[in-house]
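Each value in this text was obtained by applying a stated rule to the coordinates, not by laboratory testing. Just so we're clear, the structure is a prediction, and the values are computed from it rather than from any experiment. Heads up, the Cβs are rebuilt from the backbone with ideal geometry, glycines too, and the neighbour counts pull from every protein chain shown.
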Amino acid sequence: MKYFIKTFGCQQNKADSERIARSFAARGITQAKNYQDANYIVINTCMIRRSAEDRVYGLVRNLVKLKLSSKGRSASGRKIIVTGCMVGLCYRDKTGKYLAKVRELLPDVDEFMPIEEVGFDNEPVRQNKTNGWVPISNGCNNFCTFCVVPFTRGREVSRPFEEIIKECQKLKVSGYRSVTLLGQNVNSYGADLIMTNKADSVAHDTFPLRGSSSYFGNPLLAEPYHSRHLPKFKPVYVKHLGRYRIPTLFPYLLEEVAKIGFENVDFISSNPWDFSDELINVIARNKNITRTIHLPIQSGDDAVLKRMNRWYTQTEYLELITKLKSQVLNVKFTTDIIVGFCGETEEEFANTVKVAQLVGFEKAYISMYSQRPMTAATEVFADNVSHEVKKRRWEILENLINKPNLDKIKMNRMYLYG
Ligand code: SF4
């Protein structure tokens, strides 16, 4: 018996697929080279953009055309299993409408498997032999209005601290040279552990959960947090980039992983909100932590950021960049940008261009906005920027950031006259 996994989307999905692979390997089922050879075809889905969702529908249709569906083929016993974000959304949409839609569009699928069933207990079958992906959390609490992740993966849940350290130590012993810590918002890691008093396994007595000038007590949280290894202290909120946040354990986790001795420790994706001074200090003093930081901006315009429910301003984002540049030698930045978000005017777009010029991003993952089910933007705003305008704005940023050698005169002409 053989399995084949097709993974769409981000590194977190790829890391999930490595754990799915283990669940097959544990039953003596081996990896097939292609769909044709497989008894189990697993499709790990992404919902971040409509195009990613459509690719899943297209793939299943093609498998059916190739007669690779089990339906109507009793002899083969082949199963098509869909998992990942599409299934997460099906299970979280209490109206059942999305599940009904998916069942209608994918009648040949044998099983819809929630990714939570895979969990973190399965040791991954790693595809990359030098860099290990290690998920540290799952889900997100931020509810950016364009983003479906809080609905596909649910609220943020952090993995136990010790479990992550053990997995990283094992990678090092196995000869891995680098590690990438993964999460939708890695630098909010541990806020849920602190809030729910589940950080007992954190052996640390110096991490500045209180005492930092940027933190202040939250009167709503009367019960002090305590763990086996820490003195009692009150959970506190930090006001950072326009929002109150719970302090996180990520700086400490990152430093502990760095101390294991990898050549490079990377992390994706981080959010400007949780990029605390403590985190900057940890990066600055550990030379094996990445110097290329992925810091999604999404838009450089304050009004668009507000509509996106991302409460930092252009100025605050640029201040954070300046702070990082001044404290972390040779730091570089990559980012995510959405063009053509609901109601984005030329003036608003021009502010994103301005930020791109000021920061000098190494690379940007630029996407044209598309409506996603259950998100606030879909419910509240009109998707009223035409595809042509989105495409032109995408090209302008793509040429500016990702093709820096393009003729600047041609680029300026494109920007000015479309
Ligand atoms: S922080 Fe990232 S994952 Fe979370 S809602 Fe916003 S865009 Fe989505």
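Here are some notes:
- Think of segment 2-117 as having a plus end and a minus end, set by charges on the Cβ of Lys, Arg, Asp and Glu; of LEU66, SER23, ALA100, LEU66 sits farthest toward the positive end of this dipole.
- Spin-label pair GLN327/ARG27, simplified geometry with 7 Å Cα→Cβ offset, distance in nm: 4.9 nm
- Stokes-Einstein D in µm²/s, Kirkwood radius over Cα pairs - segment 291-418 at 25 °C with 0.890 mPa s viscosity: 162 µm²/s
- Straight-distance crosslink candidates among aspartates and glutamates, where the alpha carbon sits under 20 Å from LYS166 and sequence neighbours closer than 8 are dropped: ASP16, GLU18, ASP121, GLU123, ASP200, ASP205, GLU255, GLU256, GLU263, ASP266
- Pairwise centroid distance, computed over Cα atoms, of segment 99-113 with segment 343-369, Å: 37 Å
- Of all lysines in the structure, those lying under 20 Å Cα to Cα from LYS65, and not within fewer than 8 positions of it along the same chain, are LYS6, LYS33, LYS79.
- Under the combined filter of DSSP loop state and at most 16 neighbouring Cβ atoms within 10 Å, segment 129-190 retains these trypsin sites (Lys or Arg not before Pro): LYS129, ARG155, ARG177.
- Rounded, prolate or oblate (a/c below 1.5 giving rounded, otherwise prolate when a/b exceeds b/c) for segment 2-117 by Cα gyration tensor: oblate
- The charge dipole of segment 291-418, taken about its Cα centre with unit charges on the Cβ atoms of Lys, Arg (+1), Asp and Glu (-1) only, comes to about 480 debye.
- Peptides 381-390, 306-315, 32-41, 186-195, ordered by how many other C-beta atoms sit within 10 Å of their residues on average, highest first, read 186-195, 306-315, 32-41, 381-390.
- For PHE267, distant residues with modelled amide H under 5 Å away: LEU181
- Couplings for segment 117-125, taken from phi via the Karplus curve 6.51 cos²θ - 1.76 cosθ + 1.60 with θ = phi - 60°, read 5, 7, x, 9, 6, 6, 6, x, 8 Hz in order; Gly and Pro are left as x.
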